[in-house]
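The values are calculated or read from the model by the stated rules, or taken from the named source; none is laboratory data. Note that the structure is a prediction, hence the values are computed from the model and not measured. Here the Cβ is made from the backbone with ideal geometry for all residues, glycine too, and neighbour counts use every protein chain on show.
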Amino acid sequence: MILEYIDHPAQLREMSIEELEILALELRTFLIDKVSKKGGHLASSLGVIELTLALMAVLDLPEDKIIWDVGHQTYPYKVLTGRKKGFDHLREKGGMSGFPKRHESAYDAFDTGHSSTSISAGIGMAKARDLLGQKNRIVSVIGDGSLSGGMAYEALNNLSALNSQMLVIINDNTMSISESTGGLNDYLAKIRLNSGYNELKYGMKDSLARMSGVGERVDHALSRAKKGLKQIVLPTNLFEDFDVTYVGPMDGHNLPSLIETLKRALKLNRPIVMHIKTEKGRGYEPARRHPSKFHGVEPFDIRTGKPLAEKKSKSYTDVFAQKMVDLGAEHPELVAVTAAMKDGTGLSPFAKRYPERFFDVGIAEEHAVTFAAGMAAGGLHPVVAIYSSFLQRAYDQMIHDVCLQQLPVIFAVDRAGLVGKDGPTHHGAFDLSYLTAIPGMTVIAPKNRYELRAAMEYALEQKTPVAIRYPRGNAWKGLKEHLAPMETGRSEVITEGSEVAVLAVGCMVETAVKMAELLHEQGIDCTVINVRFVKPMDTELILKYARSHDLLVTLEDNVITGGFGQQVDSLLKDAQVDCDCLNIALPDGFVEHGTIDELRESLGMDPHSVCLKILNRLKG
């Protein structure tokens, strides 16, 4: 076993090609074994093992820098940078993150978790190096899926202008999380099929190099004529049109070729794009055949590839998915938009049933929102389904293109609140703060699966923007008997008490109900209110219960800053109501990874902890 003796990436620079190829096999075996037990991002990591080995065999890490776009593919890199033991506690609370983290290792050059950022970060590092007079090399690795994000092109445009030494590697596996779509995917497909330009260009260069005297002059003349040569063999090359040297496409699993090309590319003092073709899930047949399913997995049986734990209940995403199909049959004006997350957001059934009314725009949340706004202005009723943490990227578009015009766009905000093991880059911790800050946006947080369906029906009746936010995980079946009609800005009283009134938002209603039972055991009557409409706020009801109870408690799975609780505080202050108010929310900080139950307990947001906080407040 070579892998067990690897403690430092410098060891790879001394290894033969044969040893590196053996190490690639061992890495695949190691990762399949560890992820099968802990879960995580497997298919992406299996696809970049040879690339990772080639980079580490050529670069002087951590002096040289690698920026991994998104970070789903960094497991091989973590193994080879001294973190093998960390896989025993991968994505567990207090354990190793599934993404690059600067505080975790000196080898992680930049924190990533969202897509399309690596080229921008790499250019920044390259310019810092130049201004500080340093000589280290900068490599940004970006997937073809991430290239559908506009930020990547802003960076490419800037890359040629700054003209710093930097290598951009396009990891082209024809996938993001789902299959890549759109014009860029079609363009890359043409390049994959037409490698004649590079074969001709580099074949001529090698031949001319052997021609003493005249070869160099002819090469210079050909360089000036390269655009004409390029257009004869390949009609256009987007990257060279950005005035960036392009190399590829090449086999991303051919170690000797990768290493030799990297050595040559890194010697050149200019920006270079290196295009490699890889296979997501390579080396593990279930992941190779079903890369989307093995993008992010729970523990599974290695032999069959099937999850170890059976799915026992529908998730909120499942409930949303079925309701979309049902509503689609009733409303021909209903269309659906997602940003490369057809499966993750539950829109696959809708896409299959109504393909002409489904649009996957790639990893382009900003475009998704304005595209939806255009469809709404044209008479359709779009539903934009995006994870809470990714919707942050389209904040300006929600303000300027949707709410300013009061267009009827429905935002299905999935993964709201704590998401668990993916950690701070993926927690939907800010959506109540940023959504309620926008004038004209109605914000609904359903308490259970039944209210989610009702909220979608309500949203389709509106002629203005509506955001419905719901969490990851099983859709609660509790309080089925409590389903008051959806009226704009009206909350729902679940239980009536006299001492403590709890205003619970969304999935925190379940916590409030369980907490109220604990308070009852202590002889304290508790009113539980399902807030339901976070905006517009039910001011009349809130003031009524603030005046009639000793303590008002707000309970939300959103950051405390700018959240529902602080808005209630402002309401009480403006109305001059003298009522003690306790805000329970996520802290003003970034929450690390762990299971949702573990995180809630550590943050004092589980039923027992909330009960203790209320008892202490009443005593104080």
The stretch 271-290, residues that are in a strand (DSSP E or B) and more than 17 Å from Ile138 (Cα to Cα): Ile276, Lys277
If we keep just the residues of the stretch 85-116 that are charged (D, E, K, R) and touching an Asp or Glu at 6+ places or on another chain (Cβ under 8 Å), which is nearest to Lys38 (Cα to Cα)? Arg91
Any idea which of Leu258, Leu268 is over 23 Å from the mean Cα position of the chain (by Cα) and assigned to a helix (DSSP H, G or I)? Leu258
With respect to the numbered conditions (1) at pLDDT below 95; (2) farther than 30 Å from Lys421 by Cβ; (3) within 37 Å of the chain's Cα centre (by Cα), which one is the sole condition not fulfilled by His593? (2)
Limited to the stretch 235-255, what total is found for residues that are among the β-branched types (Val, Ile, Thr) and either touching a residue at least 40 places away in the same chain (Cβ under 8 Å) or crowded, with 20+ Cβ neighbours inside 10 Å (or both)? 2
Within the stretch 290-341, track down each residue that is modelled with pLDDT under 95, hydroxyl-bearing (Ser, Thr, Tyr) and surrounded by 14 or more Cβ atoms within 10 Å (Cβ to Cβ). Ser292
Could you tell me which residue of the stretch 1-10 is farthest from the chain's Cα centre (by Cα), considering only residues that are closer than 19 Å to Arg28 by Cα and part of a helix (DSSP H, G or I)? Tyr5
Which of the helices (runs of 4 or more DSSP H) found entirely inside the stretch 16-72 contain at least 3 residues meeting this: of a type in the set (A, V, I, L, M)? 17-38, 49-58
With respect to Glu92, determine if the residue is assigned to a loop (DSSP other than H, G, I, E, B), acidic (Asp, Glu), under 20 Å from Asn136 (Cα atoms) and outside the structural domain of His593 (by TED's automatic domain parsing). no
If you take the residues in the stretch 479-538 that are of a type in the set (S, T, N, Q) and over 19 Å from Gly563 (Cα atoms), which one is nearest to the chain's Cα centre (by Cα)? Thr488
Considering only the stretch 457-506, how many residues are outside any loop (DSSP other than H, G, I, E, B), in contact with a strand residue (DSSP E or B) (Cβ under 6 Å, 6 or more places away or on another chain) and within 16 Å of Val413 (Cβ to Cβ)? 5
Any chance Phe430 is outside the structural domain of Ser115 (by TED's automatic domain parsing), over 23 Å from Ile529 (Cα atoms) and aromatic (Phe, Trp, Tyr): no
Residues in the stretch 569-584: is at least one touching a residue at least 40 places away in the same chain (Cβ under 8 Å), surrounded by 15 or more Cβ atoms within 10 Å (Cβ to Cβ) and either hydrophobic (A, V, I, L, M, F, W, C) or assigned by TED's automatic domain parsing to the domain that holds Ala501 (or both)? no
Counting residues that are in the same structural domain as Arg415 (by TED's automatic domain parsing) and in contact (Cβ under 8 Å) with a residue 60 or more places away in the chain, which helices (runs of 4 or more DSSP H) fully inside the stretch 312-379 reach at least 1? 316-330, 365-377
Among the numbered criteria (1) surrounded by fewer than 22 Cβ atoms within 10 Å (Cβ to Cβ); (2) more than 28 Å from Gly94 (Cα to Cα), which single criterion is violated by Pro424? (2)
Can you tell me how many residues within the stretch 1-45 are among the hydroxyl-bearing types (Ser, Thr, Tyr) and crowded, with 20+ Cβ neighbours inside 10 Å? 3
If only one of Glu487, Glu492 is surrounded by fewer than 22 Cβ atoms within 10 Å (Cβ to Cβ) and either of a type outside the set (Phe, Trp, Tyr) or at pLDDT below 95 (or both), which one is it? Glu487
